[in-house]
Amino acid sequence: MPSPTTMRALVHAGTPGPDGLRIDEVPRPEPGKDDVLIRVDAAGLNRHELFVIDAHAGDDDKIVGADAVGTITAVGVDAGQDLIGRRVLVNPCLGWPTAEDVPEVPTILGGPVQGTFAEFATVPVDNVHPIPDHLSDAEAAALPLAGLTAYRALVTKGRVMAGDHVVITGATGGAGTLALAMAAALGAETTVVTRHEAKVAPARTLGADHVVIGADDLDEKLHAPADLVLDSVGSDSFPSAVRAVRPGGGIISFGATSGPDIELSLRTLFFRQIRLEGTSMGSAAEFESMLRFAAEHTIKPAVHERRRLDEAPEVFRGMAAGHGVGKTVFLP
Ligand SMILES: NC(=O)c1ccc[n+]([C@@H]2O[C@H](COP(=O)([O-])OP(=O)(O)OC[C@H]3O[C@@H](n4cnc5c(N)ncnc54)[C@H](OP(=O)(O)O)[C@@H]3O)[C@@H](O)[C@H]2O)c1
């Protein structure tokens, strides 16, 4: 019989990377005065979790996981009793109210604070939202982190307009597939970049207008220069992507899957007057705008697999190798 004071969780400790993952029975968290306790029904996987466990070597038990959908089962004294029993999805970015107050580093669930890959998780009451009607539990659990990042990159930072040619690297991943769906909803013409021939057809099925294989010599592969490039691949794509932007166009960087260090001639920026911006996660206000946008345009994350938490080491290794198109969702 399960104990009311413990829970099953995916815990990382000791060895960096997937070898340090194990399923364990750990203390069930209690909500602080402005928090809610959620029984997690589904939790989407992001590369963020892979980076966290690769960098974590301590003996402290770390529970990763940023995304979640579930039911509120307990509340803190100031969180509102009427919330008990509500089904919600979680904004994983903590303590960032509006788009302009950019934090030094966004605080993400499962980064410095315990995350969602467990039977229960506590989150601030301001971070829970109703689940959009058009989404299944698994789809809703795949939306928050990647959807927020893609939305801020395209809308707040990229200011994408209908007819713009938007090029997306890493486009078959979780954030990339959502960026593709959102760019198409904004009326953009889309070109996506993948390393694999086998991912060309799935990318077209997800709505890509054009697909390019390999991020090298992008300027020669595109049918037209980009108005905007969204780059999350980093060292393998960024220098080539800058050359693929039209004079006066922009490039938005939100990740470095292949590595963070590049060599770039500043002449490629200033002569052609390229706008270069970074972005990471997004504010609470942008999260609410993203949910409205997703509902209005029936944006659905592409969920390619639903897995159990005890399969996590294999799933994390698959992500590191770049398997799949779209998102993995854990059903604890
Ligand atoms: N700053 C933020 O707030 C934020 C938020 C979300 C994501 N990110 C970053 O954005 C990136 C994508 O995140 P994600 O969760 O969408 O990851 P993901 O699902 O693993 O997708 C990454 C995609 O990048 C492509 N890729 C290119 N080079 C790769 C390489 N060397 N190794 C593995 N994949 C490679 C793969 O597509 P192909 O196989 O088709 O080439 C893969 O599908 C990560 O770097 C992540 O940290 C940042």
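The values are calculated or read from the model by the stated rules, or taken from the named source; none is laboratory data. What you are looking at is a predicted structure, and each value in this text was computed from that prediction instead of being measured. Don't worry about glycine lacking a Cβ; one is built from the backbone with ideal geometry, like all the others, and counts go over all protein chains shown.
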Checklist entry - Does at least one position in region 94-116 carry a residue that is among the small types (Gly, Ala, Ser), under 17 Å from the mean Cα position of the chain (by Cα), surrounded by 15 or more Cβ atoms within 10 Å (Cβ to Cβ) and within 12 Å of the ligand (Cβ to nearest atom)? => result yes
Checklist entry - Which numbered condition trips up residue 91, out of (1) out of contact with any Phe, Trp or Tyr (no Cβ under 6 Å at 6 or more places or on another chain); (2) at negative phi? => result (1)
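Restricting the search to region 44-64, which residues are of a type outside the set (D, E, K, R) and farther than 10 Å from residue 17 by Cβ?
44, 45, 46, 48, 51, 52, 58, 63, 64
In the set 54, 82, which member is closer than 18 Å to residue 174 by Cβ, free of Cβ contacts under 8 Å to residues at least 40 places away in the same chain and either within 16 Å of the ligand (Cβ to nearest atom) or of a type outside the set (Phe, Trp, Tyr) (or both)? So that I can check it myself, show each step before the final result.
Values: 82 fails: closer than 18 Å to residue 174 by Cβ.
One residue alone meets the criteria, 54.
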Checklist entry - Does residue 131 satisfy the criteria of being crowded, with 24+ Cβ neighbours inside 10 Å and either closer than 30 Å to residue 75 by Cα or within 14 Å of the ligand (Cβ to nearest atom) (or both)? => result no
Checklist outcome for this item: Among strands (runs of 3 or more DSSP E) completely within region 134-235, the ones holding 3 or more residues that are closer than 30 Å to residue 332 by Cβ and not assigned by TED's automatic domain parsing to the domain that holds residue 272 are none
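Just wondering, is there one or more residues in region 288-300 that are basic (Lys, Arg), within 12 Å of the ligand (Cβ to nearest atom) and either more than 16 Å from residue 146 (Cα to Cα) or in contact (Cβ under 8 Å) with a residue 40 or more places away in the chain (or both)? Steps first, please.
Residues of region 288-300 that are basic (Lys, Arg), as a first pass: 292, 300.
Subset that is within 12 Å of the ligand (Cβ to nearest atom): none.
No, the conditions are met nowhere in region 288-300.
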Item to check | Meets criteria (modelled with pLDDT under 95, within 18 Å of the chain's Cα centre (by Cα) and not basic (Lys, Arg)) for residue 90 | outcome: no
